[in-house]
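Data first, discussion second: the structure below is written as structure tokens.
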Amino acid sequence: MSRASDRKRPLVSAAPADPSRRQLLTAGLVAGAGAALTGLAVRPAVAAGDPAITEIQDWNRYLGDGVDARPYGTPSPFESKVVRRNVAWLTADPVSSVNFTPLHELDGIITPNGLCFERHHAGIAEVDPAMHRLMISGLVDKPLVFTMADLKRFPRENRVYFLECAANSGMEWRGAQLNGCQFTHGMVHCVVYTGVRLRLLLEEAGVKANGKWLLAEGADSSAMTRSIPMEKALDDCMVAFAMNGEALRPEQGYPLRLVVPGWEGNMWVKWLRRLEVGDMAWHHREETSKYTDLLANGKARRFTWVMDVKSVITSPSPQAPVTHGRGPLVISGLAWSGNGTISRVDVTTDGGRNWKTARLDGPSLPKALHRFYLDIDWDGSELLLQSRAIDADGFVQPTKDELRAARGENSIYHNNGIQTWYVKADGVVENVEVS
Amino acid sequence: MSKFLSLVAVAGLALVMPAAAASAGAEDVPLPNHGVFHLGRGATQEEVAAWDIDVRPDGTGLPEGRGTAAEGEAVFAEACAFCHGDFGEGRDRWPVLAGGQDSLKAERPVKTIGSYWPYLSTVYDYVRRAMPFGDARSLSDDDVYAITAYLLYLNDVVTDETFELSKENFTSVRLPNEENFFMDDRDEEAHNAREGEPCMTDCKKGPVEITARARVLDVTPDGGDDEEGVGAVD
């Protein structure tokens, strides 16, 4: 590509000639188009003044809804495009499928409950909490049954953790495919969980000396199971009944889910009903047929639990194009690592030739999303944006080609490669890969 | 006991106990003697058995029962073929259950019970807990043995339709790909083994070229085309 573009025209709302631009406008900007225009309207001198100022607006004259109108508040209708979305061709049936967090529309580190991506294998189980039980069985001194009320009598903890599906970015192994970080990276969310340390529950039942593994099982009709090593179970796992201060959402496992910090999302069993202690792993479907990483040589890694260090620029990105001309541009993104905190994020605007260290802002918590910013003065020329995260253990986010060299293209899972966004002079952004 | 504690206790019990208990004083409720917090109650054997349906590669958890591949074919045609196809070939985008042998190094591997799964116990366990999709736990233990035998037959692991699978001979059957799984060793990959600070300036020679673009195969929803992409989420 030519980086010497001198078409530094501000982004005026001329009819887009480029078909990919048109697609983007219809895809991402239906509601945003209005906002973009308002942003631009400030630039040209308006003789009579800005109508936002010179005309009295409805909300300035008439009364709004009373406090009884919205007992459970929802976002402004102007934010109606900020929703989870699915990719229909990906799966046979939306009941065993996935949708994606609209990362490009969010800021900070906490994902709102209604926007946390969903992945379930047999639809959303609607569990009556009064009929929900958690059983601990197997190699324990005393098999126990807890009601939700019992669980809420244990000492509680509040912890912020990201949850990432191991298949996040899995559609990008063979090359750039989906135009939008919602689709390339949106199988991640981060909330504050309230719940009980798993260790306390296991101690209540008394784990026998040969109890080295735990089978976690869900109450939905997929009866999801995963084997978890006892070391992890006793370390930082929780059973959570609340997220972001309110009860778990049904699609996140209401009334109870397992929290397995830093490890792949599939293990965070939802609608958690049973924990069986055993002396070896179970090798169930989700740890053999699925969630094993096939390499180029035909062999497959199993028990790839930890989510590696990763980052992505959420804005600008294909669904969040630059809608202003040259001048200040906020480059914003997310970084996370299953090993702990993020120590640094570097950002390049020239496809990886030169890097600048971004500014981390907001809380830096282990195994949680981190927000980074790089505030630049955009000269209006084309950019090749990338971010590269480094975690507190010193792991550096690899390039996609480094991952392919090590694993081939058939791993599906654990693609934590560096993402490139191509920002064109007109502000439109595309998912690309670079040399 | 303080007033506060008794309120909490009563509220907690109200869920599990009828009104009579709720009106009793919290101090009258006996504490179980297990554990540290004495919370929860002992599970009965019947309760443990009702949920304990998991099966392990060493055969632990297998119920009594048996079924032949030929019997399995009939059940499969009735309960499974609608989605997975008569021969496990997978209709539409429903999962493929058979075939794909020697495809694991191919550009598009076909991962099935015969080509990929390491253990037969996983088939029994999964079908019993989760299939048929939308009607889980509806098959008898014998049906699951028969279907498992039929899936072995479809995958050429057994070649005789009269083959009978049972609790007794289950662990003698091995799946061909068992040896090809190994423990996570991502930490040893070249990019993780690298020492020192990552490069910050002049890291690539010459201008960077775009080598691939999503636009070429735009399968983003609402991207304008009805194209379908490649890849999977699970």
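Given the DSSP H assignment, sum -39500 (n - 2.57) over each helix run of at least 4 residues in chain A and divide by its residue total; what's the result at 222 nm in deg cm²/dmol, nearest 500?
Computed mean residue ellipticity for chain A: -3500 deg cm²/dmol.
Just to verify a number: FRET efficiency for B:Glu47 and A:Lys208, C-beta to C-beta distance, R0 = 22 Å, to 0.05?
Plugging the Cβ-Cβ distance into 1/(1 + (r/R0)^6) gives 0.70.
At 0.36 nm per residue, and after removing the present C-alpha to C-alpha distance, how many nm does the segment from B:Val29 to B:Glu195 gain when stretched out fully?
Taking 0.36 nm per residue and subtracting the Cα distance, the gain is 53.6 nm.
Return the average number of partner chain Cβ atoms within 10 angstrom of each residue Cβ along peptide B:173-180.
Other-chain Cβ atoms within 10 Å of each residue's Cβ, averaged: 2.
Run the dipole for chain A about the Cα centre, Lys and Arg Cβ at +1, Asp and Glu Cβ at -1, nothing else charged, and hand back the magnitude in debye, nearest 20.
So the magnitude is around 480 debye.
Sorting check: for A:69-77, B:64-72, which peptide has the highest mean count of neighbouring beta carbons within 10 Å, and how do the rest follow?
So the peptides A:69-77, B:64-72, ranked by packing, come out B:64-72, A:69-77.
Testing the spin-label approximation: label points 7 Å from Cα along Cα→Cβ at A:Thr74 and B:Ala106. State their distance in nm.
Rounded to a tenth, the inter-label distance reads 4.7 nm.
Which order do A:Leu272, B:Leu31 take when ranked by solvent-accessible area (1.4 Å probe, heavy atoms of all protein chains), largest first?
B:Leu31, A:Leu272
So, in nm, how far is label B:Asp156 from label B:Asp187 when the simple model puts each one 7 Å beyond its Cα toward the Cβ?
4.1
Tell me the carbon and sulfur percent of the accessible area for chain A, rounded to whole percent, probe radius 1.4 Å.
Exposed carbon and sulfur together represent 54 percent of the surface.
Would you work out what percent of the accessible area of the stretch B:58-180, with all protein chains in place, is carbon or sulfur (probe 1.4 Å)?
Heavy-atom surface of the stretch B:58-180 belonging to carbon and sulfur, 1.4 Å probe: 49 percent.
When the convex hull of the Cα atoms of the stretch A:296-389 is projected onto a plane and the area is averaged over all directions, what value comes out in nm²?
One quarter of the hull surface, i.e. the mean projection, equals 8.1 nm².
What nm value, rounded to one decimal, do you get for the distance between B:Ser166 and B:Thr60 when each label is placed 7 Å out toward the C-beta?
2.5
At each listed q (0.17, 0.26 Å⁻¹), what is the log10 of I(q)/I(0) that the Debye formula gives for the stretch A:140-179 modelled as equal alpha-carbon point scatterers?
-0.71, -0.97
Among A:419-428, B:47-56, how do they line up by average Cβ neighbours within 10 Å per residue, starting with the highest?
For the peptides A:419-428, B:47-56, the packing ranking is A:419-428, B:47-56.
R0 = 45 Å: FRET efficiency of B:Arg91 with A:Asp377, Cβ-based, nearest 0.05?
In this case the efficiency is close to 0.20.
Tell me the total accessible area that B and A bury against each other, 1.4 angstrom probe, in square angstrom rounded to 100.
9300
May I ask for the equivalent-ellipsoid semi-axes of chain A, computed as the square root of five times each C-alpha gyration tensor eigenvalue and listed largest first in whole Å?
Values for chain A, descending: 42, 27, 18 Å.
Give me the Kirkwood hydrodynamic radius of the stretch A:251-348 in Å, from all C-alpha pairs, to one decimal place?
This gives a value of 17.3 Å.
Given the C-alpha centroids of the stretch A:364-379 and the stretch A:334-360, what is the distance between them in whole angstrom?
8
Accessible area per residue of chain A at 1.4 Å probe, in Å²?
Normalised by residue count, the accessible surface of chain A is 37 Å².
Starting from 0.36 nm per residue, how many nanometres of slack lie between A:Trp59 and A:Glu246 once their C-alpha separation is accounted for?
64.2 nm
Could you sort the residues of the stretch A:315-355 by number and keep only those whose accessible area is reduced by 20 Å² or more in the all-protein-chain setting relative to the chain alone, 1.4 Å probe?
A:Arg344, A:Gly352, A:Arg353, A:Asn354, A:Trp355
How large is the Kirkwood hydrodynamic radius of the stretch B:58-180, counting all unique pairs of alpha carbons, in Å?
In the stretch B:58-180 this quantity evaluates to 14.3 Å.
Rounding to the nearest 20 debye, state how big the charge dipole of the stretch A:114-291 is about its Cα centre with +1 on each Lys and Arg Cβ and -1 on each Asp and Glu Cβ.
Rounded to the nearest 20 debye, it is 140 debye.
Using a 10 Å cut-off around each Cβ of peptide A:410-420, what is the average number of partner chain Cβ atoms that fall inside?
Taking all residues of A:410-420 together, the mean is 2.
For the pairs A:Lys299/B:Lys111; A:Lys232/A:Lys367; A:Lys212/B:Lys167; A:Lys310/A:Lys400; A:Lys356/A:Lys400, flag any whose C-alpha to C-alpha distance is greater than 18 Å.
A:Lys212/B:Lys167; A:Lys356/A:Lys400
So for the stretch A:114-291, taking the charge dipole from beta-carbon charges (+1 Lys/Arg, -1 Asp/Glu), which of A:His189, A:Ser222, A:Gly175 sits furthest toward the positive end?
Positive-most Cα among the choices belongs to A:Ser222.
The values are calculated or read from the model by the stated rules, or taken from the named source; none is laboratory data. The model shown is predicted, which means the values in this text are computed figures rather than measured ones. For neighbour counting, all protein chains shown are included, and Cβ atoms are generated from backbone atoms with ideal geometry for every residue, glycine included. Ligands, DNA and RNA are excluded from the accessible area calculation, which covers all protein heavy atoms including side chains. Shrake-Rupley method; radii C 1.70, N 1.55, O 1.52, S 1.80 Å.
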